[in-house]
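The values are calculated or read from the model by the stated rules, or taken from the named source; none is laboratory data. In this text the structure is predicted, and so the values were computed from the model without any measurement. For neighbour counting, all protein chains shown are included, and Cβ atoms are generated from backbone atoms with ideal geometry for every residue, glycine included. Areas reflect the complete protein model, heavy atoms only, side chains present, ligands, DNA and RNA absent. Shrake-Rupley method; radii C 1.70, N 1.55, O 1.52, S 1.80 Å.
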Amino acid sequence: MSVPANVPILTSEAMRAAEAACAASGVSLSELMDRAGAAIADIAWRMAAGSPILILCGPGNNGGDGYVAARLLAERGAEVRVAALADPATELARAARALWTGAVEPLDRDLAPAALIVDALFGVGLSRPLPYELIENLQSLAGRRVLAVDVPSGVASDGVRDWSPPLPADVTVALGALKPAHVLLPTAPHCGQVLLARIGIDAGGTMRTLPSVSSTKPDVAAHKFSRGMVLVRAGPMPGAAGLASAAALRAGAGYVVLSGSDHAPFSAIIAEDGAGYADRLGDARIGAVIVGPGYPVSDALDDDVMAALDAGKPLVLDAAAIAAALPRLHQLDGAVPAILTPHEGEFARAFPGLSGSKIDRALAAAAFAQAVVVYKGADTIIAAPDGRVVAAWPGSPWLATAGTGDVLAGACGAMLARGGDAFDAAVAAVGWHIARAARIGPGLVADDLVADDLVRECND
Ligand SMILES: NC(=O)C1=CN([C@@H]2O[C@H](COP(=O)(O)OP(=O)(O)OC[C@H]3O[C@@H](n4cnc5c(N)ncnc54)[C@H](O)[C@@H]3O)[C@@H](O)[C@H]2O)[C@@H](O)CC1
Ligand SMILES: [K+]
């Protein structure tokens, strides 16, 4: 399972707008369909490697792409058959169907499979769940390699519904841009390896996949304070704040103070008792404050969060600190740069009653808080109040273990303390976190993410 790095993601509505803009600029929809069909034919040719191909065509333009691909594959000498669910219902699909000179078989329970199935039944136009009979007929084709056109049929491309496709794809060719369903659970695993065929659409937009991680070297004239100073506030479980402080150092902070704990994981971390917290909040060199790791709901947490908000420092708020800060953050209306890092349960508690896809909900939360929201999970979404979104699918499953969220909070603190944009900082931290987890793999515990042998390996 994979998606390309740093490519656009569009909802069906945005996709139709991009398609219309393309038409207005002189590229016809039929030209777009030809390009889509050519891209699919190319990948199908390589996947089939000489074995027979069966293309399943639906009534809309997704089916139209399938007819174009069938014609091009036949012209190249591939052994290709077409089965249709219904007659073409759009002008474009009718035109594409008319140019296919081979037979069209009915898509019923007697349909013979082929080594490669190309699924061109439904794309972004699917408006309701697939009929039961079709699901049954498709399931009888399972077990072959499947190439999905745009999205696996049955999936709601905007990620708002959790409909599963009867034919999960090994490869999905996204047309023009990725769709939310490619990067959100539960549909993303059904898309297999997602490839992007750009087909000439200007997908611009504000939503993208996670960019590749690039490690930035400190400036030649850097000193410990210029690289960013981070203050981590410990609660009753100081191990979590210790992990966050170690992660802040490993992620590039020049100086880390752990307030309220004497459990500093490294000698380079300055551990102080809690009494100095107010003074530290007044220290002009502090570039980011982290509150929340290992700090459950309590009056003390409320006090520490309010003190940090009043100090006006850029903030990373994790776990219970998110709900504690929310009313005040909302009032501050973006005056204090902040990154919130809720997992599913924390998100539901802090932002009840939101609807739509995980992207929609992350955006609504970011707009309410006027803060960057890192809505964690295997399909982490990073959303900014101005509408920018980065989707971090597929992450790393090895991160599903205690303490890794504390490490992410620490990395966010380090990136934020550099002084740049909070959204860019959150994106860099999520990328850093996933890249390190990928290097460790099986057996990962959160401490490994900040261990020095990993650093040596990363520097090799
Ligand atoms: N957006 C673009 O720029 C391009 C889109 N193209 C293709 O066009 C697709 C979208 O085409 P359409 O908008 O025609 O939509 P689809 O081809 O996804 O399907 C729409 C058709 O399916 C019917 N339908 C919807 N749900 C159904 C259900 N559950 N059971 C039975 N019938 C159902 C609708 O009534 C309609 O006839 C994209 O996914 C892509 O494959 C390409 O041709 C190239 C360019
Ligand atoms: K499809």
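Of all residues in segment 23-51, how many are open to solvent by 30 Å² or more (accessible area, probe 1.4 Å) and of a type in the set (Gly, Ala, Ser)?
As a first pass, look at segment 23-51 and keep what is open to solvent by 30 Å² or more (accessible area, probe 1.4 Å): 23-31, 34-35, 38, 42, 45-47, 49-51.
So of that shortlist, the ones also of a type in the set (Gly, Ala, Ser) come out as 23-26, 28, 30, 38, 49-51.
Selection size over segment 23-51: 10.
Taking Gly63, is it open to solvent by less than 40 Å² (accessible area, probe 1.4 Å), within 16 Å of ligand 2 (Cβ to nearest atom) and modelled with pLDDT of 95 or more? Talk me through it step by step, then tell me what you get.
On the way: open to solvent by less than 40 Å² (accessible area, probe 1.4 Å): yes; within 16 Å of ligand 2 (Cβ to nearest atom): yes; modelled with pLDDT of 95 or more: yes.
Taking the combined requirement at face value, the residue satisfies it.
Do you know which residues across segment 240-264 are within 18 Å of Cys412 (Cα to Cα) and not hydrophobic (A, V, I, L, M, F, W, C)? First the steps, then the outcome.
Taking segment 240-264 and keeping what is within 18 Å of Cys412 (Cα to Cα), we get 240-259.
Within segment 240-264, Gly242, Ser245, Arg250, Gly252, Gly254, Tyr255, Ser259 qualify.
I'd like to verify a number: residues in segment 256-276 that are more than 16 Å from Val291 (Cα to Cα), of a type in the set (Ser, Thr, Tyr) and in a strand (DSSP E or B), how many?
Within segment 256-276, residues that are more than 16 Å from Val291 (Cα to Cα), of a type in the set (Ser, Thr, Tyr) and in a strand (DSSP E or B) number 0.
Considering only segment 112-218, give the strands (runs of 3 or more DSSP E) lying wholly within it that have at least 1 residues that are within 15 Å of ligand 2 (Cβ to nearest atom) and either assigned by TED's automatic domain parsing to the domain that holds Arg71 or surrounded by 19 or more Cβ atoms within 10 Å (Cβ to Cβ) (or both). Give the steps one after another, and end with the answer.
Values: elements: 116-120, 145-149, 171-175, 193-197, 207-209.
In segment 112-218, the matching strands (runs of 3 or more DSSP E) lie at 116-120, 145-149, 171-175, 193-197.
Residues Asp318, Asp303: which one is modelled with pLDDT of 95 or more, of a type outside the set (A, V, I, L, M) and open to solvent by 50 Å² or more (accessible area, probe 1.4 Å)? Reasoning before the result, please.
On the way: Asp318 fails: open to solvent by 50 Å² or more (accessible area, probe 1.4 Å).
On inspection, the qualifying residue turns out to be Asp303.
Residues are listed down the side, and each one gets a yes or a no for (1) modelled with pLDDT of 95 or more; (2) part of a helix (DSSP H, G or I):
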| site | (1), (2) |
| --- | --- |
| Asn6 | yes, no |
| Arg16 | no, yes |
| Glu19 | no, yes |
| Gly37 | yes, yes |
| Ala41 | yes, yes |
| Ser51 | yes, no |
| Ala69 | yes, yes |
| Ala74 | yes, yes |
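Of everything in segment 94-129, what is farther than 20 Å from Asp170 by Cα, near ligand 1 (Cβ under 7 Å from one of its atoms) and touching a residue at least 12 places away in the same chain (Cβ under 8 Å)? Give them in sequence order. First the steps, then the outcome.
From segment 94-129, those farther than 20 Å from Asp170 by Cα are 94-111, 125-129; that's our starting set.
With the extra rule that they be near ligand 1 (Cβ under 7 Å from one of its atoms), the set shrinks to 125-129.
Matches in segment 94-129: Gly125, Leu126, Pro129.
Looking at Ala244, Ala253, Ala335, Ala248 in this structure, which one is hydrophobic (A, V, I, L, M, F, W, C), open to solvent by 40 Å² or more (accessible area, probe 1.4 Å) and either part of a loop (DSSP other than H, G, I, E, B) or within 22 Å of Thr404 (Cβ to Cβ) (or both)? Lay out the reasoning, then the answer.
Values: Ala244 fails: open to solvent by 40 Å² or more (accessible area, probe 1.4 Å); Ala253 fails: open to solvent by 40 Å² or more (accessible area, probe 1.4 Å); Ala248 fails: open to solvent by 40 Å² or more (accessible area, probe 1.4 Å).
Ala335 is the lone residue from the list that is hydrophobic (A, V, I, L, M, F, W, C), open to solvent by 40 Å² or more (accessible area, probe 1.4 Å) and either part of a loop (DSSP other than H, G, I, E, B) or within 22 Å of Thr404 (Cβ to Cβ) (or both).
Considering (1) surrounded by fewer than 24 Cβ atoms within 10 Å (Cβ to Cβ); (2) in contact with a Gly (Cβ under 8 Å, 6 or more places away or on another chain); (3) more than 18 Å from Ser215 (Cβ to Cβ), say which one Arg388 fails and leave the rest.
Only one criterion in (1) surrounded by fewer than 24 Cβ atoms within 10 Å (Cβ to Cβ); (2) in contact with a Gly (Cβ under 8 Å, 6 or more places away or on another chain); (3) more than 18 Å from Ser215 (Cβ to Cβ) is unmet by Arg388, namely (2).
Do any residues in segment 149-164 that are over 18 Å from Pro8 (Cβ atoms) and of a type in the set (Phe, Trp, Tyr) have Cβ atoms under 7 Å from those of residues that are more than 8 Å from ligand 2 (Cβ to nearest atom) and open to solvent by 40 Å² or more (accessible area, probe 1.4 Å), where the two are at least six apart or on different chains, and which pairs are they?
Filtered contacts from segment 149-164: Trp163/Pro129.
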